[in-house]
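The values are calculated or read from the model by the stated rules, or taken from the named source; none is laboratory data. Keep in mind that this is a model prediction, so the values were computed, not measured. Cβ: placed from backbone, ideal geometry, glycine included. Neighbour counts: every protein chain shown. SASA here: full protein model, heavy atoms, side chains in, ligands and nucleic acids out. Shrake-Rupley method; radii C 1.70, N 1.55, O 1.52, S 1.80 Å.
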Amino acid sequence: MKVLVLGAAAGGGFPQWNSNAEACNRARRGDPAAPARTQTSVAVSADGEHWFLFNASPDLRQQIEATVELQPRFGLRSSPIAGVVLTGGDVDAIAGLLTLRERQPLTLYATGKVHAVLKANSIFEVLAADVVKRSIVPLEQPVPLRLPDGSLGGLTIRCFPVPGKVPLYLEAADGTPPIVLGEETVGVEVSDGRSRCFFIPGCAAMTDALAQRLRGAELVFFDGTLWRDDEMIRGGLSSKSGRRMGHMSLTGTEGTIAAFADLGVRRKVLVHINNSNPVLLQDSSERAELEAAGWEVAHDGMRLSL
């Protein structure tokens, strides 16, 4: 199984378009210790020829042009992209679907609730239903990923609920609890029959069930949004904590580093990293602390094999 990291940043990317913070300015200046990152998406293949995207970021066109494996190779129009798997309905997970609108056959895999979000917004009808298949993925059931001709693509996914929230644009103003456990936010286990990895770009808390699921895993891509829970508040960027936004922080007694400490995961890789998170800076003390705990910070163009 081959995995390409197309983008590793949280919504807005790094640098974020309207951020005048020093870290973003370092990225703009081309500082080698602060490399720019596009918004999070990975591509997975069982054969190195046919690829499935996991989330379609707003930067998808740029990511395809930067990744030779995803570029057309046959005829006037073609694509090695066979399908897209969505972990939620947030803008940074679905906006890139609009890039795939040129009547290219593929399959869109998501839970029923995420498909309902797309159906409720008519702009996504540009993914013509006679060309782009919609596949509803039930929780906790193995689902084989298929090529556009219906044949097996060599990968099987299993979606499972993780604590998260509805997309910001769907939050109710009537006090609806922001953190839920269901079809709104899922993690995905990906298997080729020999190896498996996990893609969990958003997670508000580590549950006992999730910890047991991840124990001893070969590879986990995990939510790396914030270094500390009040990071956005301290920086004057938001009034919301990380958990309120649907994301665990890396530090603290209930943070990601502590939660993974005894799980025996062989390779732990952060994705969905916010521009405010100092681990994006290779020369930061936070980056050194993170790496000492056995974590890697994903970067655009990162390639992994299992």
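3J(HN,Hα) couplings calculated from phi for segment 163-173 with the Karplus curve 6.51 cos²θ - 1.76 cosθ + 1.60 (θ = phi - 60°) are, in sequence order, x, x, 9, 5, x, 3, 6, 10, 4, 7, 9 Hz; Gly and Pro show x. Per residue, the Cα convex hull of segment 1-65 amounts to 94 Å³. Cut-off 10 angstrom, C-alpha nodes, Gaussian network model of the chain. Which of LYS113, LYS240, LYS268 fluctuates the most? Judging by the Gaussian network model, the answer is LYS240.
Considered as an equivalent ellipsoid built on the Cα gyration tensor, segment 61-114 has semi-axes of 22, 13, 9 Å, the largest given first. Accessible area of ASP90 (1.4 Å probe, protein heavy atoms only, ligands and nucleic acids ignored): about 60 Å².
Rolling a 1.4 Å probe over the protein heavy atoms gives the chain an accessible area of 44 Å² per residue.
Taken over segment 33-137, the percentage of Cα pairs per 10 Å bin, counting from 0 up to the bin with the maximum distance, is 14, 51, 29, 6, 0. GNM remark for the chain: springs join alpha carbons under 10 Å apart, and the peak mean-square fluctuation among PRO15, PRO161, PRO72 falls on PRO72.
Annotation for ARG134 and PHE74: the two label points, set 7 Å from Cα along the Cα-Cβ direction, are 2.9 nm apart. Basic side chains Lys and Arg get +1 at the Cβ, acidic Asp and Glu get -1 at the Cβ, and with that the dipole of segment 1-150 about its Cα centre reaches some 160 debye. Residue-wise HN-Hα couplings along segment 10-25, as the Karplus relation 6.51 cos²θ - 1.76 cosθ + 1.60 with θ = phi - 60° gives them from phi, are 7, x, x, x, 9, x, 6, 4, 10, 8, 9, 5, 4, 4, 5, 5 Hz; Gly and Pro carry x. Beta bridges assigned by DSSP with both partners in segment 131-279 are antiparallel in approximately 65 percent of cases. Computed over segment 132-210, the percent of Cα pairs more than 18 Å apart is 51. Surface composition of segment 121-224: carbon and sulfur make up 56 percent of the accessible area, probe 1.4 Å. Cα-based radius of gyration for segment 165-306, normalised by 2.2 N^0.38 Å, reads 1.06.
For segment 92-157, what class follows from the C-alpha gyration tensor (a ≥ b ≥ c being the square roots of its eigenvalues): rounded when a/c is under 1.5, otherwise prolate if a/b is larger than b/c, else oblate? Oblate shape, in that a/c is at least 1.5 and b/c is the bigger or equal ratio.
Most mobile of ILE64, ILE157, ILE273 per a Gaussian network model of the chain (Cα springs, under 10 Å)? Between ILE64, ILE157, ILE273, it is ILE64 that shows the largest mean-square fluctuation. Ranking PHE198, GLN104, GLY187 by Cα position along the charge dipole of the chain, where only Lys, Arg, Asp and Glu carry charges on their C-beta atoms, puts GLN104 farthest toward the positive end. DSSP finds beta bridges in the chain, and of those with both partners inside it, around 50 percent are antiparallel.
Here the dipole of the chain is about 460 debye; that uses its Cα centre as origin and unit charges on the Cβ of Lys and Arg (positive) and Asp and Glu (negative).
Only lysines eight or more places from LYS165 in sequence, or on another chain, were considered; those with a Cα closer than 17 Å are LYS113, LYS240. Ordering of 259-265, 36-42 by packing is 36-42, 259-265, highest average first (other Cβ atoms within 10 Å, averaged per residue).
Legend: translational diffusion of segment 56-206 by Stokes-Einstein, Rh = Kirkwood radius over C-alpha pairs, 37 °C, 0.692 mPa s; D = 201 µm²/s.
Note that the chain carries a Kirkwood radius of 19.4 Å, evaluated over its alpha carbons pair by pair. Estimated purely from DSSP H runs of n ≥ 4, each contributing -39500 (n - 2.57), the mean residue ellipticity at 222 nm for the chain is -4000 deg cm²/dmol once divided by its residues.
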